[in-house]
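What follows is a set of notes on a single structure, which appears directly below.
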Amino acid sequence: MLFIGDLNNRNLSDALGQSLGVGVIYPDKHVFDDGEVRMRLEESVLDQEVYVLKSTSQPVDTNFLELLFTIDALKRSGAKKVTAVLPYLGYSRADHVFREGEGVPLEVIIKSLEVIGLDEAIIIDPHTIRISEMFSIPTQMESALPVFAEKIIELGLDPNKISIVSPDMGGIRRVKQLSDLLPGSFYAAINKDRDLATGELTNSQVKEGEIREICIVTDDIISTGGTMVRAVDLCLEEGAKEVYMFATQPVFAADAHEKLAKSKARRIYVTDAIPVPEEKMFPNLEIITLAPRIAGMLQR
Ligand code: R5P
């Protein structure tokens with residue numbers, strides 16, 4: 001197996017290489033004066049099975065093109081099979097037509113990967129489980145939830161006092177799964193309304209389940225931070241004494257990190273699915289690596 005690392009996410013790439021016990025091959029990236037990019041492989045990949053790690057986070061379009069160009073280079077260089085390992089796939093929330101006159105960006109992303117010759121995709125905590133139906137090539141899903149469960153156990157929190165809370169109804173499956181990994185815990189889901197034109201959150205209330213003393217609010221993505229901060233406040237209003245946030249993909253758009261740093265959450269846990277730049281780190285934030293989990297999956 002050959003493993004191509006993500007220049008955009010070197011920490012996860014190096015940790016994954018170590019967990020797999022293989023050297024990480026980084027593509028050579030050249031940016032021309034006009035901003036165009038060339039990706040080049042400096043090692044032979046002929047007849048090899050190759051795994052390419054890529055988080056297509058900000059700058060989303062550039063990272064996505066780098067992924068496409070790398071896959072193209074691998075295919076043209078004779079790789080036998082190319083599998084993309086995608087801890088975060090940008091545009092994954094744009095999975096259907098929300099309003100008349102719009103397209104479906106996620107479908108465009110998927111079609112582009114397939115047209116270029118990708119053989120298989122491994123997706124970590126996809127925003128929609130429908131994603132596997134949207135691909136024509138084989139896909140596999142992996143989840144950060146067992147890693148979150150380990151961390152919650154390590155925190156020594158009493159499962160009988162815990163509610164695993166989804167900040168929106170779309171995440172109900174996720175909280176049920178995490179609750180199953182923590183016997184005795186309960187789950188709850190909040191109803192969230194969003195203005196489709198502005199993206200602004202309008203109304204939220206606990207719609208299903210029960211809020212206990214300790215709340216673990218969990219979501220796939222933290223983008224502006226609005227959804228999670230609102231959910232933490234709601235849990236406290238409903239009687240919770242301590243609230244923790246767990247999310248797989250720290251998109252941390254604009255000033256999300258400032259909003260999160262000021263939130264009433266006791267601690268915020270995210271994974272290295274997306275790298276958090278130094279200037280967006282804050283004291284309350286902890287990054288959990290997904291490397292052993294992804295490595296375990298690739299070795300199965
Ligand atoms: C959407 O349904 C996702 O699961 C997240 O809840 C959403 O992306 C979070 O966005 P924001 O952090 O901007 O509120």
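Tabulated data for the structure shown
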{"read-out": "Rel. contact order, % - alpha carbon contacts under 8 angstrom, at least six apart, the stretch 139-249", "value": "24 percent"}
{"read-out": "Candidates Asn63, Asn11, Asn160, ranked by Gaussian network fluctuation over the chain, Cα under 10 Å, top entry", "value": "Asn160"}
{"read-out": "The stretch 89-213: C-alpha gyration tensor shape, a/c 1.5 cut-off, then a/b vs b/c", "value": "oblate"}
{"read-out": "log10 of Debye I(q)/I(0), alpha-carbon scatterers only, for the stretch 3-50 at 0.16, 0.31 Å⁻¹", "value": "-0.53, -1.14"}
{"read-out": "Candidate lysines - alpha carbon under 23 Å from Lys111, same-chain residues fewer than 8 apart omitted", "value": "Lys54, Lys75, Lys80, Lys81"}
{"read-out": "Distance-filtered residues of the stretch 1-37 - backbone nitrogen under 20 Å, label point 7 angstrom along Lys81 Cα→Cβ", "value": "1-5, 17, 20-23, 25"}
{"read-out": "P(r) histogram, all alpha-carbon pairs of the chain included - 20 Å bins from 0, percent", "value": "33, 56, 11, 0"}
{"read-out": "Kirkwood-type radius of the stretch 79-160, with distances r between different C-alpha atoms, in Å", "value": "14.6 Å"}
{"read-out": "Sites Glu210 and Arg267, calculated FRET efficiency, Cβ-Cβ separation with R0 22 Å, nearest 0.05", "value": "0.45"}
{"read-out": "Distance in nm between pseudo-label sites at Arg300 and Leu181 (7 Å out along the Cβ direction from Cα)", "value": "1.3 nm"}
{"read-out": "Cα-derived Rg to Rh of the stretch 157-207, Kirkwood definition", "value": "1.11"}
{"read-out": "Accessible area in the full protein assembly, largest first, 1.4 Å probe, for Ile116, Ile25", "value": "Ile116, Ile25"}
{"read-out": "Equivalent ellipsoid dimensions for the stretch 1-133 as semi-axes, Å, which come from the Cα gyration tensor, largest first", "value": "25, 17, 15"}
{"read-out": "Most mobile of Leu155, Leu86, Leu41 in a GNM of the chain (Cα contacts under 10 Å)", "value": "Leu155"}
{"read-out": "Selected from Val37, Val45, Val165 as most flexible by GNM, with the chain as the system and alpha-carbon contacts under 10 Å", "value": "Val37"}
{"read-out": "Cα-derived Rg over Rh, computed across the stretch 214-300 with Rh taken as Kirkwood radius", "value": "1.01"}
{"read-out": "Computed helical MRE - 222 nm, the chain, DSSP H runs ≥ 4 contributing -39500 (n - 2.57), nearest 500", "value": "-8500 deg cm²/dmol"}
{"read-out": "Debye-sum result for the stretch 153-262 in log10 I(q)/I(0), which assumes one identical scatterer on each alpha carbon, at q = 0.09 Å⁻¹", "value": "-0.21"}
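The values are calculated or read from the model by the stated rules, or taken from the named source; none is laboratory data. Because the structure is predicted, anything quoted here is derived from the model rather than measured. Using ideal geometry, Cβ is built from the backbone for each residue, glycine included, and neighbour counts are taken over all protein chains shown. Just so you know, the surface numbers come from the protein's heavy atoms only, side chains and all, with ligands and any DNA or RNA stripped out. Shrake-Rupley method; radii C 1.70, N 1.55, O 1.52, S 1.80 Å.
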